[in-house]
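Notes follow once the structure below has been shown.
Just so it is clear, none of the values below were taken in a lab; they were calculated from the coordinates. Model, not experiment: these values are computed from the prediction. Please note: Cβ atoms are built from the backbone with ideal geometry, for glycine as well, and neighbour counts cover all protein chains shown.
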Amino acid sequence: MSTLLLLLTLLLGYTSCDDELVDETHEEEVVDPGEGDNGDEEDNEGEGDNGNEGDNEGENGDGDRPIIEGQTFTEQMIIDGEENNGLIIRNCTFENTGDHGIIIKNVNDVLIQNCTFRNLKYTAIRFLADCESNNVIIEDNEIYNIEANGIHGAETHYNTIIRNNRIHDVALVPENGSHGMYFYGMDFLIEGNTVYNVGVEEGKGSGINVRTCGTIARNKVHNTHKDGISYSIDHPGYNGTLLIENNVVYSNPRNNIRIMGGANESKIGKAIVRFNTVISDNTNTPISLATGDLPDTEFEVYGNILINAGGSNKYIGYSSSHELEFESKNLTATGDIGFVDYEGRDLRITSASEANNFAVGLTAYPKDDFINLDVREENNLDAGAFMVN
């Protein structure tokens, strides 16, 4: 791909779907009406930065993929059109745009890697509504000082991978109703991210907020102003599975893991919450499930460490009319059960921990833990996100 072609695509990208960005601030959250939880920033497309001088093809073993590398952008970038399929954006900085950082429209197989996004008025990486992408990978980036969402993905963006990013000090304008990540494109993988310092006003700003089926695994989420990891029902769930496993979640004021229900014909068919380490600093339950609003959804909750440091003996909130599979296979306590450093929140477990081999007897479990691959076995199965080293 020539530099000129990529330049024209970025500059003319406005015409391939919406004439302007879709403003979603008027949707109401089903469970908590009026919070603006579904909303985003005021959309303002502005002028897309081309930033393509110095593009190269074929370095670093990337074959013929177009590459934008090592540049600084102070205007938002718009990626659109099949000419940009396979684009790599690597080691770039997006800052002080007065707008978004990157907008993704109709494009596939894009990689955004090792970039810094900071001091942005709206969202760092925005997947635009009424456009479509597949297999976009966002990994190893740092995102901070963002007024709106760190990452925001709409329904028609599929198989997105968001991996090993550090997202902090985001959702800085409460009126935007923003989150660390706000994603509702199906079959996502959100894995290995660290998300913290989300929001500035109590009740606004969750760490990872999703609205459809996919996998949330091996993330560390703490010190938000709302939920740590949450699901809401106001986008299609396609009767799919939402898997939440191997996460470390603590110091989030509402619930650390929360699945909310409501009126929507297209719901998730199954929710699996397993082998997470979760600490509630108040009397709220570490996990809250709106099972009464999701009577046809199957819930499995097992292998977790659930600490209610507020002193309550309630650990999972759910409707008594809805049976949970394997509910008894969660380790519950009101304090330290043998962590490496409970007060310092090093939540790895020691060999003397109550979690050691607590989950033996379960036949369904992730092979990996929070850190290591392929370490769990049926006869050596610790509760929570970590196996004993």
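Some values worked out for this structure:
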| quantity | calculated |
| --- | --- |
| Given (1) surrounded by fewer than 18 Cβ atoms within 10 Å (Cβ to Cβ); (2) more than 20 Å from H222 (Cα to Cα); (3) touching a strand residue (DSSP E or B) at 6+ places or on another chain (Cβ under 7 Å), number of the condition N356 does not satisfy | (1) |
| Residue that is surrounded by the fewest Cβ atoms within 10 Å (Cβ to Cβ), among those in segment 199-242 that are over 12 Å from the mean Cα position of the chain (by Cα) and assigned to a strand (DSSP E or B) | E201 |
| Filtered residue count, segment 340-353, keeping only those that are out of contact with any Asp or Glu (no Cβ under 7 Å at 6 or more places or on another chain), surrounded by 18 or more Cβ atoms within 10 Å (Cβ to Cβ) and of a type in the set (A, V, I, L, M) | 1 |
| Odd one out for G261 among (1) touching a helix residue (DSSP H, G or I) at 6+ places or on another chain (Cβ under 9 Å); (2) not in a loop (DSSP other than H, G, I, E, B) | (2) |
| Extreme residue, farthest from the chain's Cα centre (by Cα), among residues of segment 264-297 that are of a type in the set (A, V, I, L, M, F, W, C) and more than 20 Å from Y365 (Cα to Cα) | L294 |
| Residue among I337, I316 that alone is within 23 Å of the chain's Cα centre (by Cα) and either loosely packed, with under 15 Cβ neighbours inside 10 Å or hydrophobic (A, V, I, L, M, F, W, C) (or both) | I316 |
| Pair list, Cβ < 9 Å and 6+ apart or interchain, from segment 97-124 residues that are within 24 Å of G63 (Cα to Cα) to residues that are among the basic types (K, R) and in a strand (DSSP E or B) | I102/R126; I104/R126; L111/R90; I112/R90; Q113/R90; N114/R90; C115/R90 |
| Failed item, numbered, when T332 is tested on (1) over 26 Å from the mean Cα position of the chain (by Cα); (2) of a type in the set (S, T, N, Q); (3) surrounded by fewer than 20 Cβ atoms within 10 Å (Cβ to Cβ) | (1) |
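The rows are residues; the columns are (1) in a strand (DSSP E or B); (2) buried (at least 21 other Cβ atoms within 10 Å of the Cβ); (3) polar (S, T, N, Q).
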{"site": "E83", "(1), (2), (3)": "no, no, no"}
{"site": "G86", "(1), (2), (3)": "no, no, no"}
{"site": "I103", "(1), (2), (3)": "yes, yes, no"}
{"site": "N119", "(1), (2), (3)": "yes, no, yes"}
{"site": "Y122", "(1), (2), (3)": "no, yes, no"}
{"site": "C131", "(1), (2), (3)": "no, no, no"}
{"site": "I138", "(1), (2), (3)": "yes, yes, no"}
{"site": "N145", "(1), (2), (3)": "yes, no, yes"}
{"site": "A148", "(1), (2), (3)": "no, yes, no"}
